[in-house]
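Reviewing the structure listed below.
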There are 2 protein chains.
Amino acid sequence: MTKLTTLYQHGTLALLVPGLLAGTLTMGDLLQHGDTGIGTGEGLDGELIILDGTPYQVDSDGNVNVVSDAFNMPFANSHFANYSPLAELENLSQADLEEQLISLTQASNTFFSIKITGSFSAVKTRAVKKSTPPFQTLAQTAKNQSIFTRDQVEGTLISYYSPTLFDGAAVAGFHNHFLSADKTFGGHLLDFHLDKGHVAYQLFDTLEQHLPVDNRDYMDHDFSLDNIQDDIHEAEG
Amino acid sequence: MTKLTTLYQHGTLALLVPGLLAGTLTMGDLLQHGDTGIGTGEGLDGELIILDGTPYQVDSDGNVNVVSDAFNMPFANSHFANYSPLAELENLSQADLEEQLISLTQASNTFFSIKITGSFSAVKTRAVKKSTPPFQTLAQTAKNQSIFTRDQVEGTLISYYSPTLFDGAAVAGFHNHFLSADKTFGGHLLDFHLDKGHVAYQLFDTLEQHLPVDNRDYMDHDFSLDNIQDDIHEAEG
């Protein structure tokens with residue numbers, strides 16, 4: 001059953017926009033589809049990163065917690081790690097790194113994952129504070145976010161790249177989460193400088209897009225009323 | 001392995017726009033993912049409809065052929081049939097039928113399939129003539145299409161519905177193919193009136209989106225230069 005070229009996604013980025021933040025997949029279920037991943041909890045409860053089968057949550061207080069199988073999520077990705085070495089890279093801004101990754105992989109028309117282990121500086125992450133029902137919009141909810149910074153930190157970056165055509169379903173371009181080696185710092189990456197790192201790469205030929213069809217709020221929502229592209233790029237930027 | 005709530009898709013609608021019409025999946029492979037489906041051949045070689053595991057092609061001469069496992073396709077869908085009865089409907093235009101289907105299924109935010117067996121009138125189909133490399137754009141290629149009409153015909157309609165969010169990856173809304181009961185007439189439906197039919201329905205919670213990552217023309221193409229939405233809606237309208 002383990003297909004090493006499949007990226008699993010539960011939910012869509014678009015459903016977060018109007019505030020469909022109910023948890024519709026458990027971590028136990030997500031881990032059936034991978035040992036590596038990223039996501040967020042119900043009510044945008046922190047930022048998740050799964051490494052070697054262990055699901056870490058960076059909460060809005062900056063704590064790093066291991067979450068249980070019962071932890072619920074509105075939106076998440078996972079896959080079974082089978083990375084190949086891509087390059088040893090150093091001294092790159094986020095923008096320059098992402099440009100190099102596009103050039104090295106030649107894979108911008110499909111989904112892929114990047115895993116970087118190494119030294120980072122000027123790292124800026126965020127984690128949103130969990131909200132409770134009735135949920136507000138993504139823009140409103142994301143205002144309650146904490147920003148964390150580290151000048152120098154060793155750690156692991158997990159990134160998923162999605163083609164522009166899937167913007168709104170997924171996060172178009174790179175979606176980067178981070179966890180420090182000492183597991184005291186991490187979150188959704190807003191900015192960073194790569195000092196030196198091992199860069200590994202895994203190509204996907206398949207997106208397994210799972211939708212929360214048993215959630216009536218999702219199924220009944222009129223997405224034509226949402227300004228999805230603008231709100232996503234504001235909140236995910 | 002048979003998951004009855006998964007819709008398999010090979011390729012994207014968007015890749016047809018600039019003329020990436022090479023066959024990148026065989027019918028034999030497509031049938032591994034379903035016994036029911038629709039698609040088109042390499043070079044837009046006719047219109048495909050798979051019923052009970054048999055893949056029929058309506059070519060641009062209007063002939064209905066059963067294609068071999070080696071038949072190659074740039075874009076196709078399939079799934080394993082597990083339809084439930086939805087309604088007995090009669091005397092509906094295509095637009096009124098599609099409106100009723102949205103209302104009856106309450107599933108416009110996910111993927112689903114509709115199968116209608118019954119009597120149709122004023123049926124208008126098209127099938128594109130196969131082009132050969134170097135392929136031209138979808139708009140250019142689709143000019144070489146034949147239009148077929150039948151005043152009264154018994155047959156089967158297979159439709160896939162895709163949410164607006166996936167417009168460009170899939171055909172947003174309903175994508176309808178048809179085959180007459182006597183297997184002498186069919187194609188991509190441009191217009192029809194449903195006189196009377198059994199309407200069946202199958203909901204999907206998962207889109208398994210497979211991309212032709214081994215095709216360099218696909219992987220190297222710069223989709224930002226294509227006017228995907230406009231060209232798709234012109235050609236698929």
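How large is ³J(HN,Hα), in whole Hz, for each residue of segment A:154-161 in order, when computed from phi with the Karplus curve 6.51 cos²θ - 1.76 cosθ + 1.60 and θ = phi - 60°, using x for Gly and Pro?
After applying 6.51 cos²θ - 1.76 cosθ + 1.60, I find 8, x, 10, 10, 10, 10, 10, 9 Hz.
For the protein assembly as shown, what is the Kirkwood hydrodynamic radius in Å, using each pair of distinct C-alpha atoms?
Evaluated over the protein assembly as shown, this radius sits at 23.3 Å.
How far is B:Q229 from the same spot in each other copy, in nm, shortest first, if each label point sits 7 Å from Cα toward Cβ?
Here B:Q229 shows inter-copy label distances of 0.5 nm.
Strictly over 23 Å apart at the Cα level, which of B:K115/B:K196; A:K3/A:K130; A:K115/A:K183 would you flag in this model?
Exceeds cut-off: A:K3/A:K130.
Can you pull a Stokes-Einstein diffusion coefficient for segment B:6-236 at 4 °C (1.567 mPa s), Rh from Kirkwood over Cα pairs, as a whole number of µm²/s?
So the translational diffusion coefficient is about 74 µm²/s.
In percent, what relative contact order does chain B have, based on Cα pairs under 8 Å that are 6 or more apart in sequence?
Once normalised by length, the contact order is 29 percent.
Using Cα pairs under 8 angstrom and six or more residues apart, how large is the relative contact order of segment A:111-206, in percent?
In percent, rounded to a whole number, it is 44.
Give the distance, in whole Å, between the Cα centre of segment A:13-44 and the Cα centre of segment B:182-230.
Segment A:13-44 and segment B:182-230 have Cα centres spaced 28 Å from each other.
Relative to 2.2 N^0.38 Å, what does the C-alpha radius of gyration of segment A:1-93 come to as a ratio? Two decimals please.
Compactness ratio reported: 1.16.
Put a point 7 Å out from Cα along the line to Cβ at A:A95; what are the distances to that point in the other copies, in nm, shortest first?
The answer, with the shortest distance listed first, is 4.8 nm.
Among A:81-92, A:50-61, how do they line up by average Cβ neighbours within 10 Å per residue, starting with the highest?
A:50-61, A:81-92
Taking θ as phi - 60°, what are the ³J(HN,Hα) couplings along segment B:61-68 by the Karplus curve (6.51, -1.76, 1.60), each to the nearest whole Hz, with x for Gly and Pro?
Once θ is set to phi - 60°, the couplings for segment B:61-68 become 8, x, 6, 9, 10, 8, 8, 7 Hz.
Between copies, how far does the label point of A:D52 sit from its twins, in nm, shortest first, when each point is 7 Å from Cα along Cα→Cβ?
Result, one decimal in nm: 5.5.
Label B:Q140 and A:K143 with points 7 Å out from Cα along Cα→Cβ: what is the distance between them in nm?
According to this spin-label approximation, the distance is 5.3 nm.
Would you mind computing, in nm to one decimal, how far apart the modelled labels at B:D214 and B:L4 are, each placed 7 Å from Cα along Cα→Cβ?
For B:D214 paired with B:L4, the spin-label model returns 3.2 nm.
Taking 7 Å along the Cα-to-C-beta vector as the label spot, tell me the A:T184-A:Q229 distance in nanometres, rounded to one decimal.
Label at A:T184, label at A:Q229, 4.4 nm between them.
Quick check on chain B: helices-only [θ] at 222 nm, where DSSP H runs of length 4 and up contribute -39,500 (n - 2.57) each and the sum goes over total residues. Nearest 500, please.
-4000 deg cm²/dmol
No value in this document is a laboratory result; all are computed from the given coordinates. Since this is a predicted model, take the numbers as computed values, not measurements. Cβ atoms come from the backbone with ideal geometry, glycine included; neighbour counts cover every protein chain shown.
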